[in-house]
Every structure is written in structure tokens, then in C-alpha cells.
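Enquirer: Sharing a structure below in C-alpha cells format, with a few things to ask.
The values are calculated or read from the model by the stated rules, or taken from the named source; none is laboratory data. Being a predicted model, the structure only gives us computed values, none of them experimental. Note: ideal-geometry Cβ built from the backbone for every residue, glycine included; neighbour counts use all protein chains shown. The accessibility values were calculated without ligands, DNA or RNA, using every heavy atom of the protein model including side chains. Shrake-Rupley method; radii C 1.70, N 1.55, O 1.52, S 1.80 Å.
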Amino acid sequence: MPTRAVAVGVDGGFSLAATFPASHSWEMRRESMAPLYTMALVSADSRIAELLTELHQLIKQTQEERSRSEHNLVNIQKTHERMQTENKISPYYRTKLRGLYTTAKADAEAECNILRKALDKIAEIKSLLEERRIAAKIAGLYNDSEPPRKTMRRGVLMTLLQQSAMTLPLWIGKPGDKPPPLCGAIPASGDYVAKPGDKVAARVKAVDGDEQWILAEVVSYSHATNKYEVDDIDEEGKERHTLSRRRIIPLPQWKANPETDPEALFQKEQLVLALYPQTTCFYRALIHTPPQRPQDDYSVLFEDTSYADGYSPPLNVAQRYVVACKEPKKK
């Protein structure tokens with residue numbers, strides 16, 4: 001008898017929770033899944049509460065570390081002021097400053113380590129919240145054949161997309177670390193498989209038969225067929241697409257820092273696919289100006305035949321929504 005598997009996320013990962021005969025109605029499967037779904041939610045909520053408590057403690061430690069090191073920084077400033085007043089650098093001041101700067105460096109490294117731990121907690125919390133949302137979706141909020149997706153107002157969707165771009169974590173590596181795949185312009189590894197809930201650029205056929213790149217959310221991936229199932233992020237579309245891997249481009253999972261990792265950014269005049277402002281579609285564009293600071297967006301020129309030079313005026317697009325374009329540049 002044909003069966004259908006349903007997965008539920010538990011403690012930071014998805015596990016196969018139950019398998020049902022395909023003949024079972026969605027209501028029957030949902031009812032059978034209810035206890036497992038409840039356990040998954042309770043487990044996730046409990047872990048999130050623990051992580052929030054740990055995060056609070058780390059924030060307190062950061063402030064304590066900063067307060068403790070402030071005295072040393074004041075001493076450095078006062079020592080420099082005395083040197084300027086006396087207009088000389090004596091062996092005494094050299095030795096004193098060397099000791100003060102050594103302590104300041106150690107204090108900064110200690111604070112940096114605490115902040116890294118805090119960032120890891122935040123990333124784990126975000127991951128659990130996303131898995132919780134996906135577990136709810138899988139466990140019964142959507143019917144496989146006709147998902148009853150709620151219509152979202154256009155303005156609300158655009159706001160959510162902006163928030164997703166703003167909250168994309170900044171990659172902060174240790175000295176000598178290279179940015180990982182999916183940081184800024186660095187593509188995913190060849191064997192990478194996007195997880196349920198991940199946002200991607202997906203190449204689909206439009207109603208008129210033309211192909212276009214849309215913003216989509218991964219529903220599942222079949223290793224047997226090497227195909228993804230993705231949902232159009234635009235609630236007005238309400239469409240689910242089955243697409244091969246070559247039609248999927250994972251979006252960046254970290255922002256690249258222009259000040260420390262400029263090589264992880266697209267460069268001027270590089271051809272990309274960028275999400276056109278206030279839409280959910282990606283279009284070909286040239287990089288006009290890469291980000292100069294971590295919080296900056298790309299400035300891009302979209303291909304547009306209505307302009308004399310074939311390109312739109314510069315428009316800002318967040319790192320989150322700029323990916324490589326493998327197609328050749330138009331002449």
C-alpha cells in the first residue's frame with residue numbers, strides 16, 4: 001500500500017515521525033500526528049526558553065567585561081595625555097603602555113568570545129523558531145493537494161521581506177577565517193541541499209509561458225529525483241512548483257562584511273540576479289556600487305529596454321536578495 005511520510009522538527013532537527021497509508025485522509029493523518037506535533041512544540045518551546053536564559057546571562061557578562069576593561073582604557077588615555085604634556089616618551093611610559101595595551105587586547109578578546117557565544121545562541125533560537133514554523137506547516141496546517149494559504153496583504157509581505165534582509169546575520173569570522181559558502185556572493189557548495197523553509201530564487205514558467213526567477217520557499221527535496229518542491233513566496237500566486245536543482249539558487253545566509261571580507265561581495269559591473277524593489281521577482285542587473293559598510297545595500301542597474309542605455313537608474317537591493325547570474329551579459 002502506498003504510504004506518505006510526515007516529518008516533525010525536534011530539538012534543532014527534523015526526524016521522521018510517522019508514516020501513513022496514502023489512502024488516509026489529511027484529517028486522519030493530522031489527528032494521528034497531533035500528539036507528536038504537540039511534543040515537538042513543547043520540546044522546541046522548552047529549548048528556546050533555555051537559550052533565552054543563556055543569552056540573557058551572556059549579555060550580562062558582556063556588560064560586566066566591558067565595565068571591567070573600561071578602567072584600563074582610561075589609564076591608556078591618561079598615560080598618552082601625560083606623555084603629550086611632558087613632550088617625551090620615556091622608558092617608563094613605554095613599559096607602562098606595553099602592559100596596558102596587552103591587557104586591553106586580552107580584555108577585547110574576552111569580550112569578543114562572549115559576543116560570539118551570544119551570536120551562536122541567537123542563531124540557534126532563530127533556527128528553532130523556523131523549524132517550529134515548518135513543523136506546524138508539515139503537521140497539518142496545509143493540505144497537500146490544495147494548501148489553504150492565507151492571502152497576505154502586499155504591504156505586509158514587502159515589510160516581512162525587508163525585515164528578513166535586515167536581520168540576516170553578518171558573518172564575523174576569527175582572524176584568518178575565510179567566509180563560508182552562502183556568505184554574500186559566495187555560492188553554495190556543489191552538494192548543498194536547501195532545507196525546508198529556506199528562501200531561494202526559483203526559475204519557473206509564468207502564465208504566459210515565459211520563464212522568470214521568483215522568490216520561493218523550499219517545501220521539500222527528493223534525493224530520488226533530485227528535485228525540489230517550492231512555494232511561491234507571493235501569497236497571491238498560491239503556487240507550488242516541482243523544480244530541478246539547476247532551477248534553484250539558494251539565497252545568502254550571511255551578509256559579507258565589506259570592511260573585512262570584500263572578496264565575498266559582488267564587484268562593480270558584475271552580472272547578477274537581484275530582487276526588484278517592491279516585487280517578488282528577480283531580474284538581471286549589473287552591480288553599480290557594492291556595499292561599503294556592513295549595513296549598506298548593493299546599488300544595481302536593472303536591465304531595462306525603456307532606457308536609452310538599456311539599464312535603469314541605480315536602485316538599492318539588500319545582500320539577502322542578490323545572487324549570481326550564470327547567463328551571459330547582454331551586448
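Enquirer: Do you know which residues across the stretch 248-293 are within 11 Å of GLY184 (Cβ to Cβ) and acidic (Asp, Glu)?
Expert: ASP261, GLU263
Enquirer: Now for a different question. Could you please find all residues in the stretch 288-312 being farther than 17 Å from LEU273 by Cβ, free of Cβ contacts under 8 Å to residues at least 12 places away in the same chain and of a type outside the set (A, V, I, L, M, F, W, C)?
Expert: GLN295, THR305, SER306, TYR307, ASP309
Enquirer: Okay, next question. Quick one: would you say LYS195 is modelled with pLDDT under 90, in a loop (DSSP other than H, G, I, E, B) and among the basic types (Lys, Arg)? Before the answer, list the steps.
Expert: Details: modelled with pLDDT under 90: no; in a loop (DSSP other than H, G, I, E, B): yes; among the basic types (Lys, Arg): yes.
So LYS195 does not fit the description; no.
Enquirer: May I pose another question? Return only the number of the condition from (1) of a type outside the set (Lys, Arg); (2) under 29 Å from the mean Cα position of the chain (by Cα); (3) open to solvent by 60 Å² or more (accessible area, probe 1.4 Å) that LEU41 does not satisfy.
Expert: Only one criterion is unmet by LEU41, namely (3).
Enquirer: Could you list all residues from the stretch 58-96 that are surrounded by fewer than 14 Cβ atoms within 10 Å (Cβ to Cβ), under 15 Å from ASP107 (Cα atoms) and either among the aliphatic types (A, V, I, L, M) or touching a residue at least 24 places away in the same chain (Cβ under 8 Å) (or both)?
Expert: ARG68, VAL74
Enquirer: Going by the structure shown, is ILE214 of a type outside the set (Ser, Thr, Tyr), within 28 Å of ASN316 (Cβ to Cβ) and open to solvent by less than 20 Å² (accessible area, probe 1.4 Å)? First the steps, then the outcome.
Expert: Values: of a type outside the set (Ser, Thr, Tyr): yes; within 28 Å of ASN316 (Cβ to Cβ): yes; open to solvent by less than 20 Å² (accessible area, probe 1.4 Å): yes.
Taking the combined requirement at face value, the residue satisfies it.
Enquirer: Tally time: how many residues in the stretch 233-270 are under 21 Å from LEU168 (Cβ atoms), in contact (Cβ under 8 Å) with a residue 40 or more places away in the chain and open to solvent by less than 60 Å² (accessible area, probe 1.4 Å)?
Expert: So the answer is 15.
Enquirer: Does at least one position in the stretch 269-276 carry a residue that is of a type in the set (Val, Ile, Thr) and within 17 Å of LEU215 (Cα to Cα)? Show your work before the answer.
Expert: Just the residues of the stretch 269-276 that are of a type in the set (Val, Ile, Thr), to begin with: 272.
After this cut, where a residue has to be within 17 Å of LEU215 (Cα to Cα) as well, the list is 272.
Yes, that holds for at least one residue.
Enquirer: I've got another one for you. Would you please list the contacts, defined by Cβ atoms under 7 Å and residues six or more apart or on different chains, that run from a residue in the stretch 28-53 that is among the basic types (Lys, Arg) to a residue that is modelled with pLDDT of 70 or more?
Expert: ARG47/LEU128
Enquirer: Give the residue, chosen from ALA108, ALA139, ALA118, that is at pLDDT below 95 and in contact with a Phe, Trp or Tyr (Cβ under 7 Å, 6 or more places away or on another chain).
Expert: Details: ALA108 fails: in contact with a Phe, Trp or Tyr (Cβ under 7 Å, 6 or more places away or on another chain); ALA118 fails: in contact with a Phe, Trp or Tyr (Cβ under 7 Å, 6 or more places away or on another chain).
Being at pLDDT below 95 and in contact with a Phe, Trp or Tyr (Cβ under 7 Å, 6 or more places away or on another chain) holds for just one of ALA108, ALA139, ALA118, which is ALA139.
Enquirer: What pairs come up if the first residue lies in the stretch 98-115 and is touching a residue at least 40 places away in the same chain (Cβ under 8 Å), the second is open to solvent by 30 Å² or more (accessible area, probe 1.4 Å) and outside any helix (DSSP H, G or I), and their beta carbons are under 9 Å apart, counting only those six or more places apart or on different chains?
Expert: These pairs meet every condition: LEU115/ILE172.
Enquirer: Now for a different question. Can you find, within the stretch 321-331, the residue that is modelled with the highest pLDDT among those that are closer than 18 Å to GLN212 by Cα, out of contact with any Gly (no Cβ under 8 Å at 6 or more places or on another chain) and open to solvent by 60 Å² or more (accessible area, probe 1.4 Å)? Steps first, answer last, please.
Expert: Here is the first cut: in the stretch 321-331, the residues closer than 18 Å to GLN212 by Cα are 321-330.
From what is left, the residues that are out of contact with any Gly (no Cβ under 8 Å at 6 or more places or on another chain) are 321-329.
Within this subset, residues satisfying the condition of being open to solvent by 60 Å² or more (accessible area, probe 1.4 Å) are 326-329.
Working: LYS326: 76, GLU327: 70, PRO328: 60, LYS329: 58.
If we take residues in the stretch 321-331 being closer than 18 Å to GLN212 by Cα, out of contact with any Gly (no Cβ under 8 Å at 6 or more places or on another chain) and open to solvent by 60 Å² or more (accessible area, probe 1.4 Å), then LYS326 is modelled with the highest pLDDT.
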